[in-house]
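> Below: one structure in structure tokens.
The values are calculated or read from the model by the stated rules, or taken from the named source; none is laboratory data. Model, not experiment: these values are computed from the prediction. Cβ placement follows ideal geometry from the backbone for every residue including glycine, while neighbour counts extend to all protein chains displayed.
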Amino acid sequence: MRRSSAFISLGLSAGLLFSLAACAPGGTAPADGECAPSGAASDAVTVDGAFGSVPAIAFDGPLTAEATQRTVLEQGDGDAASNGDTVVIEYTVLNGETGDEIASTGFTGDNAERFPIDTASEQLVGFSLLLDCASPGTRLAGVIPPVEGFGVEGVPELGLTGAEALVFVIDVVSIVGPSLERAEGEPQESPEGFPTVELGEDGAPTITLPAGDPFTEFDLAVLILGDGPVVEDGQTVTVQYTGLNWNTGAIFDSSWARGTPAEFPTSGVIQGFRDALVGQTVGSQVIAIIPPDLGYGPAGGTPDGSIGPNDVIVFVVDILGVS
């Protein structure tokens, strides 16, 4: 579905944070209703630059702390993030001993990351503690000790030992509401001649193709009409989908089969898939018929051969969230 098999990400994406920290200790979260406090270490981080700009960060290392500390540099407005929320952030992270930069999103808006807050996690819990209680528009400095970071093993590929703290400067851009689990709304009549869709108990679709040749033009039908926000071009969507090759009758991709929704910007997918999403509402389920010129035809098909350059593809998509 994507133009490439994976997005290229600067530095520590949430997925990389999780994969690197899968065995990291969890540390101790503050009591319910409390936020990670400031302390000598986080107060020692000086930052030049306002929210939204690239921060110039300085401190006299090494910085150490027994538990995660955070200092609010610029206070945002609105409701604060809490455990279970997903936040959109920009950040720079440095080695707390050497001051070397480990990674940065760049603060341009193009590489902002999404991170789910889980203060009970055993995967880099300090990062969740920094984000818990933060409102959109907040810039903060944080220090995460190894026990609440990557543990005693460190991350050698990032030049981080198990004795070195992490220093973060984070801009909290927005809070993303929880996504739906499946399409929710009013069922709609499917047009005559369209593939038929039956839903399993969990919402996963089974697609049955009609007799005859595949459609030759792009076509779209709303099977369930949701009442959520409208998807705008360039936004990031959360979806469940199944893709089927009309010419072969074979399913070539399915987030339902993987057991987890997919998330991507509408600008990061083939034209036909983008056209099926933009203008639709969250909660809706759509079925899209995508001819080769709006699918994989211009690329000569997919590298694995599951879609040929002249193949028509069918997507059934549940639109679960947007940001």
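> If you go through segment 212-229 one residue at a time, do you hit one that is within 19 Å of Ser255 (Cα to Cα), surrounded by fewer than 18 Cβ atoms within 10 Å (Cβ to Cβ) and not acidic (Asp, Glu)?
No, that holds for no residue.
> Now for a separate question. Kindly evaluate Ser306 against the criterion of being surrounded by fewer than 18 Cβ atoms within 10 Å (Cβ to Cβ) and assigned to a loop (DSSP other than H, G, I, E, B).
In short, yes.
Yes/no matrix, rows are residues, columns are (1) in contact with a Ser or Thr (Cβ under 6 Å, 6 or more places away or on another chain); (2) surrounded by 16 or more Cβ atoms within 10 Å (Cβ to Cβ); (3) on the phi > 0 side of the Ramachandran plot:
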{"site": "Tyr241", "(1), (2), (3)": "yes, yes, no"}
{"site": "Arg258", "(1), (2), (3)": "no, no, no"}
{"site": "Leu277", "(1), (2), (3)": "yes, yes, no"}
{"site": "Ile287", "(1), (2), (3)": "no, yes, no"}
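> Out of all the residues in segment 175-182, is one or more of a type outside the set (Lys, Arg), in a loop (DSSP other than H, G, I, E, B) and at pLDDT 95 or above?
No, segment 175-182 has no match at all.
> Of all residues in segment 49-86, count the ones that are assigned to a loop (DSSP other than H, G, I, E, B) and in contact with a helix residue (DSSP H, G or I) (Cβ under 7 Å, 6 or more places away or on another chain).
6
> List every residue pair whose Cβ atoms lie under 6 Å apart, where the two residues are 6 or more positions apart in sequence or sit on different chains, the first residue falls within segment 297-318 and is at positive phi and assigned by TED's automatic domain parsing to the domain that holds Thr281, and the second residue, located anywhere, is assigned to a loop (DSSP other than H, G, I, E, B) and modelled with pLDDT of 95 or more.
Gly300/Pro309; Gly301/Ile307; Gly301/Gly308; Gly301/Pro309
> Answer with yes or no whether Val147 is crowded, with 19+ Cβ neighbours inside 10 Å, in the same structural domain as Leu63 (by TED's automatic domain parsing), farther than 25 Å from Asp275 by Cα and under 25 Å from the mean Cα position of the chain (by Cα).
The answer is no for Val147.
> From the list Leu166, Leu158, Leu140, Leu129, which residue is touching a residue at least 24 places away in the same chain (Cβ under 8 Å) and more than 15 Å from Arg70 (Cα to Cα)?
One residue alone meets the criteria, Leu158.
> Can you find a residue that is hydrophobic (A, V, I, L, M, F, W, C) and either closer than 21 Å to Pro116 by Cβ or part of a loop (DSSP other than H, G, I, E, B) (or both) anywhere in segment 283-301?
Within segment 283-301 (the criterion being hydrophobic (A, V, I, L, M, F, W, C) and either closer than 21 Å to Pro116 by Cβ or part of a loop (DSSP other than H, G, I, E, B) (or both)), the answer is no, since none of the residues qualifies.
> Can you name every residue in segment 207-232 that is closer than 12 Å to Ile287 by Cβ and of a type in the set (Val, Ile, Thr)?
Ile207, Thr208, Val222, Ile224 - these are the residues of segment 207-232 that are closer than 12 Å to Ile287 by Cβ and of a type in the set (Val, Ile, Thr).
> Related question: Only one of (1) under 30 Å from Val312 (Cβ atoms); (2) at pLDDT 90 or above is not met by Gly142, so which one is it?
Exception for Gly142: condition (1).
> Among the residues of segment 178-210, which ones are within 30 Å of Arg70 (Cβ to Cβ) and surrounded by 13 or more Cβ atoms within 10 Å (Cβ to Cβ)?
Within segment 178-210, Ser179 is the sole residue that qualifies.
Table: residues versus (1) in contact with a helix residue (DSSP H, G or I) (Cβ under 6 Å, 6 or more places away or on another chain); (2) hydrophobic (A, V, I, L, M, F, W, C).
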| site | (1), (2) |
| --- | --- |
| Glu90 | no, no |
| Ile102 | yes, yes |
| Thr108 | no, no |
| Pro116 | no, no |
| Val125 | yes, yes |
| Leu140 | no, yes |
| Pro145 | no, no |
| Gly149 | yes, no |
| Asp171 | no, no |
